[in-house]
Structure formats: C-alpha cells, structure tokens
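These notes concern the structure reproduced below.
The values are calculated or read from the model by the stated rules, or taken from the named source; none is laboratory data. Just so we're clear, the structure is a prediction, and the values are computed from it rather than from any experiment. Here the Cβ is made from the backbone with ideal geometry for all residues, glycine too, and neighbour counts use every protein chain on show. These accessible areas exclude ligands, DNA and RNA; they are computed on the full protein's heavy atoms, side chains included. Shrake-Rupley method; radii C 1.70, N 1.55, O 1.52, S 1.80 Å.
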Amino acid sequence: ILDHFYGAHLLGVTATPMRLDGCGLGNWFDEMVLGPSVSSLIEMKYLAPVRCYTIPKKLDWKEIRKSGGDFVASAAADLLEEGEFNGDAVKEYIKHCPGKPAIVFCCTIAHSELVAQLFCDAGFRAAHLSANTDPVQRRQLISDLGNGNLDVLTNCMVVSEGTDIPVVTSAILLRPTTSTALYLQQ
C-alpha cells in the first residue's frame, strides 16, 4: 500500500511505540512525538491509579516455550493450568474485588473459555469472547459488562487494545508476556 501511494504523507499513531523484536520504527517514520507517560496520565486523572496484586505462587518462566520473542500462548496456558493459577486467580478476585467488573486476559480461546467457566462455577456472572465471537454478541457482552449484567469478561487478544469500559475496576492478567506493549495494552 505504501509503495502504491508513494507520495502520500504517513502518520502513525500508537500508545505503545515499541516492538517485541527491539527494532525501531525509523524505517517508517522520520519523527516521533511522545505523548505523556502512563504515570503522567494517572497524575492528570485520565487513567485510574493502579494497585497490583499477585498470586502468591512462583511461575517458572523457563518452562514456557518462546516463539518470536514472546511466550507460546498454548504453552503458557498449559503451565497456568498445571500450576492451578486459573483457580487461584478466581480466589484472588474473591479476596480483593468480588462482584466488581473485571476483564481477564487469557492465553488462548480454550483458556478463556475455561477461566470463564471457573468464574461461573464460583457463582459469578462471567462470559468469554474471542475473535470467533459474533460481532453483535461481542458488542452485547461488552455492554453487559459495562451495565452490570456481567461481573467478569474473559478474552483472548480481543479486549487488549483501545477498549474503554469505564466501570471496569479490575484487570486480571492470565496471559504471561515478555512484550511491554502487550502488557501496557492489557
């Protein structure tokens, strides 16, 4: 496309100008204008302050295979299940924010479905969405989380970028990553 529109001006806009492979964006852009940092946005009250909790178990990062610089999603999902991290995430949700609107970031579609079921089994209104979810149903699930008809929405790489559901108070990261950009997006 860029070759076809050779003379066109190109403007790239991103909140996370970083790549997992460590390569810059200089091949595509001549200048970079930096916006405010996450901490500045929190200070200016555009973003909510963050309070982090962790599952009191250790994950052996060496056990997770990598591809393209990041963890292989299926291998990460398997390790989380073997170590019972998924159930622990439900316990931590109950401990810190039961019934508060939460988004759970999962490794694979099957992992997302499993985690949604674990939350349902614990008595919460939970649902899963993925790229395979019908667009109308996807909008409804996001709306249901926003209007209080759902407590928890699990997903696999759908709600990671540019989603704004102001009532959500919790993000549960069950998708290990070495990517700073993905981490910040989640």
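Worth pointing out:
- Taken one residue at a time, the phi angles of segment 38-45 give Karplus couplings (6.51, -1.76, 1.60, θ = phi - 60°) of 4, 5, 5, 5, 5, 4, 7, 6 Hz. Gly and Pro are set to x.
- On Cα atoms only, tilt of 135-147 relative to the major axis of the chain in degrees: 70 degrees
- Prolate/oblate/rounded label for segment 96-174 (Cα gyration tensor, a/c 1.5): rounded
- The chain, dipole about Cα centre (Lys/Arg Cβ +1, Asp/Glu Cβ -1), debye to the nearest 20: 440 debye
- D_trans [Stokes-Einstein, Kirkwood Rh over alpha-carbon pairs] for the chain, 20 °C, 1.002 mPa s, µm² s⁻¹: 117 µm²/s
- The residues of the chain expose, per residue, 67 Å² of accessible area to a 1.4 Å probe.
- Accessible area ranking (1.4 Å probe, heavy atoms, ligands and nucleic acids excluded), largest first, for 52, 97, 23: 52, 23, 97.
- Percentage relative contact order, the chain, counting C-alpha pairs under 8 Å, at least six apart: 24 percent
- Principal semi-axes of the equivalent ellipsoid, √(5λ) from the alpha carbon gyration tensor of segment 58-105, are 25, 12, 8 Å from largest down.
- Residues whose amide H falls under 5 Å from that of residue 122, counting only those 5 or more places apart or on a different chain, are absent, with hydrogens built in the peptide plane.
- In a fully extended conformation the segment linking residue 11 and residue 72 would gain 18.8 nm over its present Cα-Cα distance, using 0.36 nm per residue.
- Hull-based mean projected area of segment 24-101, where the convex hull spans the alpha carbons, in square nanometres: 8.6 nm²
- Surface composition of the chain: carbon plus sulfur atoms hold 55% of the accessible area, using a 1.4 angstrom probe and ignoring ligands, DNA and RNA.
- Segment 131-186 - Debye-derived log10 I(q)/I(0), Cα point model, q = 0.21, 0.25, 0.26 Å⁻¹: -0.87, -1.16, -1.22
- For segment 65-103 versus segment 148-186, the gap between their alpha-carbon centres in whole angstrom: 12 Å
- Each of the trypsin sites (Lys or Arg not before Pro) that DSSP puts in a loop and that has at most 13 other Cβ atoms within 10 Å breaks the chain; the longest unbroken stretch is 66-186.
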